[in-house]
Amino acid sequence: MHAHEFRPLADTEFRPARDLFMRALNLPPVTDEMWQSVSRTSEPGRVFGGFLDGELAGTALTGTSALAVPGGAEVPAGAVTGVGVRADRTRRGVLTGLMRAQFDDARERGEPVTMLHASEAVIYERFGYGVATRSRTVSLDRFRAALRPDAPRGGRIDLLEPEAARTVLPDVYRGLGLVRPGSIVRGDAWWDMNLAVAPRDAVAVVHYDPAGVPDGFLRYEPKSRDHRFDDGTVTLQVRDLVAGDAIAAAELWRFLFERDLTDRIVAVDRPLDEPVEWLMVDRRACRTTAVGDDLWVRLVDVAAALRARTFNAAEPVLVEVHDRFLPDNEGTYRIGPEEVERTEQRPQLSMDVSALAALYLGDVSVSALAAAGRVQVHEPAALPGADHLFTTDVVPWCGTPF
Ligand SMILES: CC(C)(COP(=O)(O)OP(=O)(O)OC[C@H]1O[C@@H](n2cnc3c(N)ncnc32)[C@H](O)[C@@H]1OP(=O)(O)O)[C@@H](O)C(=O)NCCC(=O)NCCS
């Protein structure tokens, strides 16, 4: 039997913890240069260590962020990342203890939700996480990728000098506000890390509206470059494309389509309902090559999380929530546009807290989860109303890797 201990790490332990995480992902330890930018993601008090018999066996860290929810509120949210357990110490409950430490910490800080991107889809549901947003990868044949004449037009695009990206892009992102449910606040440490690890040939451009106000930006980098200028193929890999409106979005795509020396454009982590095909003369030049789970959300405080979002006008629905990992969330909630309250009434629906997390941002309907056996329906007449309550106008999307 091992003695387990879980605690926030001291600053001096951050780098060994990072190296442990890198090894858990089968990656080499960080270099001194990488550590310069990566270290800022380690917030004092929020890097957790799991010890077995006094020896560091696993780690997880939380970044302070916020999540946009339906209705537009930004909910304080802990961004969980850097999760790893030593390969020779797995399946001994280290992750379980780290998860508990993170939830306790999030509650103490008044964060009703935590969120993460998962390396594997089978790890986090047992801790109450559910898939709250999905995203797609699109691949475009540049030679066929002309925009339709009626595609929105306007404003101008400027290339950013590489050293200007770090100062300009965070301001543009902040100025746009969180563009959809599922979008998250990017702190300084996020920008430090993500711009520092970008390759030296990465390109950033900003779109300005006719009044000169920045309302969108794009980051990409060339892949598979062939310097012989003959039959090589060059793919532009789009890392980040955020637009405040339809004109900025269309112009940023147009910019990509018009790049010389480019055969293919591959954009990862795009919203499922982004209308790229609808902008194009030849819609088959745009292929969706992957759709996957994106942001996983955990409602750490179910009542507070539900109260933070809005619900459509409909009769309240009575939902029983099961939560084995945080049992004080268990109970029946009356969920409606005017109120979210605990109740002693008999539930119309029952679900695990991970299913509620999947519903939270509007990515999936209650009916779909019921059809999959993830929601138990005690009163079928309540189902259409529940669908209407939770549904949202836009498909939620995160768009920020962390
Ligand atoms: C994923 C990882 C952190 C799990 O850590 P761990 O300490 O082994 O997890 P625990 O011992 O607390 O496991 C708790 C439960 O989850 C299950 N579980 C954990 N990881 C799992 C996985 N990858 N696949 C399937 N089940 C898993 C365990 O079997 C255990 O189940 P049980 O309670 O029924 O016995 C660890 O395997 C790891 O570091 N993997 C490589 C890095 C990685 O993927 N990190 C996550 C980045 S998002």
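Computed from the coordinates by the stated procedures, all read-outs in this text should not be read as laboratory data. Remember, it's a predicted structure, so these values are computed and weren't measured experimentally. FYI the Cβ positions are ideal-geometry reconstructions off the backbone, even for glycines, and counts take in every protein chain you see.
Treating only the Cβ of Lys, Arg, Asp and Glu as charged (+1, +1, -1, -1), what charge dipole size does segment 135-292 show about its Cα centre? Round to the nearest 20 debye.
The dipole of segment 135-292 has a size of about 400 debye.
Ranked by the mean number of other Cβ atoms within 10 Å per residue, highest first, peptides 57-68, 247-258 order as 57-68, 247-258. Per residue of the chain, the DSSP helices (runs of n ≥ 4 H) give a summed -39500 (n - 2.57) that works out to -7000 deg cm²/dmol at 222 nm. The modelled label-to-label distance between T391 and V197, using points 7 Å beyond Cα along the C-beta direction, is 3.9 nm. Take 170-179, 393-402 and order them by the average number of nearby Cβ atoms within 10 Å per residue, most first; the result is 393-402, 170-179. Here r is the Cβ-Cβ distance between E338 and V281 and R0 is 41 Å; the resulting FRET efficiency, rounded to 0.05, is 0.30. Remark: relative contact order (the chain) = 19 percent; criterion is Cα-Cα distance under 8 angstrom and separation of 6 or more residues.
Summary of packing: across the peptides 94-102, 134-142, the per-residue average of other C-beta atoms within 10 Å ranks them, highest first, as 94-102, 134-142. For the chain, the alpha-carbon radius of gyration amounts to 1.05 times the rule-of-thumb value 2.2 N^0.38 Å expected for a compact globular protein.
Under the 0.36 nm per residue contour assumption, what length would be gained going from the current alpha-carbon distance of A10 and T288 to full extension?
Once the chain is fully extended between A10 and T288, it gains 95.6 nm.
Looking at segment 1-95, the trypsin sites (Lys or Arg not before Pro) that sit in a DSSP loop and have at most 13 other Cβ atoms within 10 Å of their own Cβ are R91.
Would you kindly calculate the translational diffusion coefficient of segment 135-292, applying Stokes-Einstein with the Kirkwood radius from alpha carbon pairs, for 20 °C and a viscosity of 1.002 mPa s, and quote it in µm² s⁻¹ without decimals? The diffusion coefficient I find is 132 µm²/s.
For segment 172-279, the residue among L178, L195, F257 whose Cα projects farthest onto the positive side of the dipole built from Cβ charges is L195.
Placing +1 on each Lys and Arg Cβ and -1 on each Asp and Glu Cβ, with no other charges, gives the chain a dipole about its Cα centre of roughly 700 debye.
For a Förster distance of 22 Å, can you work out the FRET efficiency between the beta-carbons of R324 and L272, rounded to the nearest 0.05? Once the sixth-power term is evaluated, E becomes 0.10.
List the GluC sites (Glu not before Pro) within segment 21-112 that fall in a DSSP loop (any state other than H, G, I, E or B) and whose Cβ has at most 12 other Cβ atoms within 10 Å.
Those that pass, being in a loop and sparsely packed, number zero.
Modelled label positions at E33 and A368, each set 7 Å beyond Cα in the direction of Cβ, lie 4.3 nm from each other.
Computed over the alpha-carbon atoms, segment 4-111 gives an Rg to Rh ratio of 1.00, Rh here being the Kirkwood radius from the mean inverse distance.
Express in whole angstrom the spacing between the alpha-carbon centres of segment 329-385 and segment 89-127. Segment 329-385 and segment 89-127 have Cα centres separated by 23 Å. Look at the alpha carbon pairs under 8 Å that are at least 6 residues apart: their mean separation over the length of segment 314-355 gives a relative contact order of 45 percent. With R₀ set to 45 Å, the beta-carbon distance separating N312 from D53 gives a calculated FRET efficiency near 0.25.
Stretching A164 away from R23 to a fully extended chain increases their span by 47.4 nm, per 0.36 nm per residue minus the current alpha-carbon distance.
Restricting segment 304-384 to trypsin sites (Lys or Arg not before Pro) that sit in a DSSP loop and have at most 14 other Cβ atoms within 10 Å of their own Cβ leaves R324. Put the Cα centre of segment 36-81 next to the Cα centre of segment 169-219 and the gap is 22 Å. Computed about its Cα centre, the charge dipole of segment 1-73 is approximately 240 debye, with only Lys, Arg, Asp and Glu carrying charge at their Cβ.
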